[in-house]
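The values are calculated or read from the model by the stated rules, or taken from the named source; none is laboratory data. All values reported here derive from a predicted model rather than from experimental measurement. Ideal geometry is used to build each Cβ from the backbone, glycine not excepted, and the neighbour counts take in all protein chains shown.
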Amino acid sequence: MEEELKPSRSRRKRKRLRFRGILFLLLLAIVAVGIYAVVQFQSGYKLAENTDLPKMEFDGDPENADFQNILIIGVDSRGEEKSRSDTMMLMSHDKNTDEVKLTSFMRDIYADIPGYQSYKLNTAYYLGGANLLADTLREMFGVEIHHVAQIDFANFEQMVDIAAPNGVEVDVEKDMSEKIGVSLKKGVHDLNGKELLGYARFRADNEGDFGRVRRQQQVLAALKDEMISVSAIPKYPKLAGAVQGYIETDLPTSDQVKLAIELAKSGKSDIGRLTVPVKGTFWDARYPDAGAVLEIDVEQNRQALSEFLSQPLN
């Protein structure tokens, strides 16, 4: 595959990044509240702008006074030096209303990747990391992307069990067991870390990847409610330790804290969710270089995204 993917001469070298698993920037943001509380109020130490937390280089759009869009990338590298992005979400924060919305992009979208021929959308990350994936989304959908977060959730189960030792309440819509490492029964259950991860990964039904993306969004919303509960506050320091080293972002620490506080203030209100492509705007196709893909009506999806985000698109 690597021999077939030939870059244009203008392609810049970018740092190769290795991350894998289910990702969750929302968790990072809520944990930042705990970090802030510990260092600011218990020790009297002022949160420094420059910290030793891992940072990454990213060519983000200029800051927008009305909203902030953060590209969330999850990669299942399985020990490989280069890998495709397993999950791609845009977390949008409206600075005027404090609304938070999540847009999931299907990885099999047949995309025009700048400097390359067309491939599946998740191939953009393989070819040029976060910057090329962001450029692809900008050109296809006209959306601004201000920051990026990549999270290795190899310890996802541990973090969930620390944050919610009694489990996270989820309405499991059907019996599930195939290829997820756990056996889940239909109904409302308190899922531990391993069960929650299995639920988010399940796709052995007629919904396929669309169902998997929907369940990932459901898990994010359930975790958000769990993390802003009063009972979770004493667990923040331990959870922050579990998170350290598994997240890389260009978002300054102070901005992470601000975002966390805004998310916490929003209480248990629902997070808006959208999956691209939207219903009725795509069809199955197959090409020799890309295999089975989703061909989409780009203009219809641009319009749907603009209406969902309440943002003007470029």
Residue identified as at pLDDT below 85 and either part of a loop (DSSP other than H, G, I, E, B) or touching a Cys at 6+ places or on another chain (Cβ under 7 Å) (or both) among ALA204, ALA149: ALA204
Search result, residues across the stretch 182-201 that are touching a helix residue (DSSP H, G or I) at 6+ places or on another chain (Cβ under 7 Å) and in a loop (DSSP other than H, G, I, E, B): VAL182, ASN192
Lone unmet requirement of (1) in contact with a helix residue (DSSP H, G or I) (Cβ under 6 Å, 6 or more places away or on another chain); (2) of a type in the set (S, T, N, Q); (3) over 30 Å from PHE67 (Cβ atoms) for SER92: (3)
Hey, TYR125 more than 20 Å from GLU299 (Cβ to Cβ), assigned to a loop (DSSP other than H, G, I, E, B) and aromatic (Phe, Trp, Tyr) or not: no
Residues within the stretch 287-314 that are of a type outside the set (Phe, Trp, Tyr) and over 21 Å from the mean Cα position of the chain (by Cα), tallied: 15
Selected residue (criterion: farthest from PHE202 (Cα to Cα)) from residues of the stretch 169-181 that are of a type outside the set (D, E, K, R) and modelled with pLDDT of 90 or more: VAL170
LEU220 modelled with pLDDT under 85, surrounded by 20 or more Cβ atoms within 10 Å (Cβ to Cβ) and either on the phi > 0 side of the Ramachandran plot or in contact with a strand residue (DSSP E or B) (Cβ under 9 Å, 6 or more places away or on another chain) (or both): yes
Number of the exception - ALA48 against (1) modelled with pLDDT of 90 or more; (2) loosely packed, with under 13 Cβ neighbours inside 10 Å; (3) of a type in the set (A, V, I, L, M): (1)
Any hit, the stretch 160-181, residues being among the polar types (S, T, N, Q), over 21 Å from the mean Cα position of the chain (by Cα), under 30 Å from PRO234 (Cα atoms) and not in a helix (DSSP H, G or I): yes
Cβ-Cβ under 7 Å pairs, at least 6 apart or on other chains, the stretch 63-79 side within 15 Å of LEU309 (Cβ to Cβ) and modelled with pLDDT of 95 or more, far side among the hydroxyl-bearing types (Ser, Thr, Tyr) and crowded, with 23+ Cβ neighbours inside 10 Å: none
Residues located in the stretch 283-314, provided they are of a type in the set (Phe, Trp, Tyr) and either modelled with pLDDT under 90 or in contact with a Phe, Trp or Tyr (Cβ under 9 Å, 6 or more places away or on another chain) (or both): TYR287
Pairs, first more than 30 Å from ASP94 (Cα to Cα) in the stretch 272-296, second part of a strand (DSSP E or B) and of a type in the set (D, E, K, R), C-beta under 6 Å, six or more apart: TRP283/GLU295; ALA285/GLU295; ALA290/LYS120; ALA292/ARG286; VAL293/LYS120
Among (1) within 13 Å of VAL276 (Cα to Cα); (2) touching a residue at least 40 places away in the same chain (Cβ under 8 Å), the one test that LEU121 misses: (2)
GLY198, sole failed condition from (1) farther than 30 Å from ARG138 by Cβ; (2) in contact with a strand residue (DSSP E or B) (Cβ under 6 Å, 6 or more places away or on another chain); (3) modelled with pLDDT of 85 or more; (4) not charged (D, E, K, R): (2)
